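Okay, so here's the structure we're looking at.
The values are calculated or read from the model by the stated rules, or taken from the named source; none is laboratory data. Keep in mind that what you see is a predicted model, and the values were worked out from it rather than measured. Here the Cβ positions follow ideal geometry from the backbone for every residue, glycine too, while neighbour counts run over all protein chains shown.
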Amino acid sequence: MPLILPVQDKVPQIGTDNFIAENATIVGDVVLGNNCSVWFNAVIRGDVNAITIGNESNIQDGAVIHATYLKASTHIGNRVSVGHNAIVHGCTVQDNVLIGMGAIVMDHAVVEEYCIIAAGAVVLENTICETGFLYAGTPAKKIKPITDEQRALLNKLPDNYIMYSGWFTNP
């Protein structure tokens with residue numbers, strides 16, 4: 001069973017029809033929407049500040065979602081894909097976003113809707129990633145507008161992860 005624990009009387013609130021891997025961790029002040037998936041070794045740690053995750057989002061293997069004590073909560077929108085081993089920390093990620101594998105998004109950053117944060121990118125504190133752009137590099141820079149194919153991918157990825165979840169919940 002996944003590790004789901006209260007911290008300082010704050011119990012994770014988990015929506016319906018979610019897949020949470022057996023070795024995933026969700027603790028503290030966390031609200032997880034409906035039809036989400038939290039994959040193997042992912043950690044959602046709402047011990048020092050609140051974390052909210054919208055509907056149909058997926059937190060992939062090894063990803064860490066955290067916040068900053070007394071400074072920055074974390075808000076992840078609907079239909080967001082947080083890639084393998086990514087770190088999302090004390091920031092806002094709006095709807096229909098891909099945070100690439102190994103990317104890091106730091107405190108008070110805002111990733112607006114329909115953005116792609118490339119694998120390995122580092123979005124520094126207070127950065128605003130504008131709607132509809134690809135960001136890459138360390139520190140992350142605006143590279144170019146996303147293509148129609150990339151927009152279609154952002155719309156399809158959450159559906160893929162809902163399908164993958166079904167392989168585990170309805171074998």
Check your understanding: Going by the conditions given, is I26 under 11 Å from the mean Cα position of the chain (by Cα) and surrounded by 20 or more Cβ atoms within 10 Å (Cβ to Cβ)?
Key -> no
**Study point:** Residue in segment 37-46 that is over 21 Å from L5 (Cβ atoms) and either modelled with pLDDT of 95 or more or surrounded by 19 or more Cβ atoms within 10 Å (Cβ to Cβ) (or both) present
**Key:** no
**Study point:** Members of segment 8-48 that are within 18 Å of V64 (Cβ to Cβ) and among the aromatic types (F, W, Y)
**Key:** W39, F40
Review point. Restricted to segment 1-22, and to residues that are of a type in the set (D, E, K, R) and either modelled with pLDDT under 95 or exposed (fewer than 12 other Cβ atoms within 10 Å of the Cβ) (or both), which residue is nearest to Y161 (Cα to Cα)?
Key: E22
**Study point:** strands (runs of 3 or more DSSP E) contained in segment 71-171 and holding at least 2 residues modelled with pLDDT of 95 or more and buried (at least 22 other Cβ atoms within 10 Å of the Cβ)
**Key:** 74-76
